[in-house]
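None of the figures in this text is laboratory data; all of them are computed from the coordinates on show. A quick note: this is a predicted structure, and the numbers were derived from the prediction, not measured. Here the Cβ positions follow ideal geometry from the backbone for every residue, glycine too, while neighbour counts run over all protein chains shown.
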Amino acid sequence: MFLVGLLVGCFVLFPLGVFLFVKLGFLSLATTAKPLPGEAFLAQTALAASIGSAQDRSDPLAASDENLLAGAREYREHCAVCHGLPGQPKTQIAAGMFPKAPQLFEGHGVTDDSEGETFWKVSNGIRLSGMPGFPNLPEQERWQVTTMLRHADKLPQPVETELRQPAEPSR
């Protein structure tokens, strides 16, 4: 009898409770809503599992001025609207995202992430976060962005200059 009650609870009552929680409007999908308890933990755990051994990949590119500058240009074109530029205010797009897009030139950026992890995120994106993947960018360009972000705390002056240009207005 205990087993029957456990099965009913697990396979009927719990899913019904989740359905009613969502259907009655207790799960807000507004970007201004607070995360549910455990939501950040579940998302971080799922992301780490998805990245898996890809985090062990090493950057095949040298941190040359050429690669860093190319990475900065790609970053400005594809990433800056959400992840920001050094010394510039957060865009309205970034301010309205949930979860918040990390501002990669404030604080630690991604210099403490492995190269493989950053490359995986650039290539695949992150579901339910607003972070798109860029699998159609040539692999070298994705690695150039990765290289630039990995060295964001010690970029040469031409790369800093490229990144500090005011963002182009949206059309």
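Taking a ≥ b ≥ c as the square roots of the eigenvalues of the alpha carbon gyration tensor, the chain is prolate, as a/c is not under 1.5 and a/b beats b/c.
Hey, what did the chain get for relative contact order, percent, Cα under 8 Å, at least 6 apart?
Details: 174 pairs, mean separation 46.8, N = 171.
Over the chain, the number comes to 27 percent.
In this simple spin-label model, placing a label point 7 Å from the Cα along the Cα-to-Cβ direction at both residue 19 and residue 3 gives a separation of 2.6 nm.
What is the spin-label model distance, in nm, from residue 10 to residue 46 if the labels are put 7 Å beyond Cα along the C-beta direction? Reported label-point gap for residue 10 and residue 46 is 2.1 nm. Label 7 Å along Cα→Cβ of residue 33; the range 123-159 residues with amide nitrogen under 16 Å? Counting backbone N atoms under 16 Å from the label point, the list is 128-130. Springs join every pair of Cα atoms under 10 Å in this Gaussian network model of the chain, and among 60, 158, 37 the largest mean-square fluctuation is at 37. Applying 1/(1 + (r/R0)^6) with R0 = 25 Å to the Cβ-Cβ distance of residue 63 and residue 139 gives a FRET efficiency near 0.90.
Summing Lys and Arg as +1 and Asp and Glu as -1 over all other residues whose Cβ lies under 12 Å from the Cβ of residue 129 gives a net charge of +2. By the helix-only formula, in which each DSSP H run with n ≥ 4 contributes -39500 (n - 2.57) and the sum is divided by residues, the chain has a 222 nm mean residue ellipticity of -13500 deg cm²/dmol.
Compare the peptides 24-36, 122-134 by average per-residue count of other Cβ atoms within 10 angstrom and give them in order, highest first. Walk me through the intermediate numbers first.
On the way: 24-36: 9.3, 122-134: 16.2.
Highest-to-lowest ranking by the protection proxy: 122-134, 24-36.
The range 125-140 and the range 1-62 have their alpha-carbon centroids 22 Å apart.
Put a dot 7 Å past the Cα of residue 157, heading toward its Cβ, do the same for residue 106, and the two dots end up 2.9 nm apart.
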